[in-house]
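Asks: I'd like to ask you about the structure that follows.
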Ligand SMILES: [Zn+2]
């Protein structure tokens, strides 16, 4: 298993969660770090997962809480 880093530009911290955009349902789903990279998915570090905000009209679904994430 290779290390994954946050997808935010100029961040570079280890990713702890994966954000997936579901365009059909206007949902941003934050879950445990995905095993595979998928289109429309972004790995995020703990800090960026915590600060996550969705575009207007979108709903954020969190399958993990930041406090449970391993850093
Ligand atoms: Zn980050």
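Bear in mind these aren't lab numbers, they're just calculated from the coordinates by the rules spelled out. Keep in mind that this is a model prediction, so the values were computed, not measured. Note: ideal-geometry Cβ built from the backbone for every residue, glycine included; neighbour counts use all protein chains shown.
Asks: Normalise the Cα radius of gyration of region 17-66 by 2.2 N^0.38 Å (N = residues in it) and let me know the number.
Replies: 1.04
Asks: Rounded to the nearest 0.05, what FRET efficiency is calculated for residue 60 and residue 38 with R0 set to 25 Å and r the Cβ-Cβ distance?
Replies: Details: r = 18 Å, r/R0 = 0.71.
So, using R0 = 25 Å, E works out to roughly 0.90.
Asks: Provide 48, 63 in ascending order of the number of other Cβ atoms located within 10 Å of each residue's Cβ, fewest first.
Replies: By the 10 Å Cβ count, ascending, the order reads 63, 48.
Asks: Rounded to the nearest 5, what is the percent of antiparallel bridges among the DSSP beta bridges in the chain?
Replies: Values: 11 of 15 bridges.
The antiparallel proportion sits near 75 percent.
Asks: When only C-alpha pairs under 8 Å and at least 6 residues apart count, what is the relative contact order of the chain, in percent?
Replies: Taking the mean separation of contacting Cα pairs over the length of the chain, I get 34 percent.
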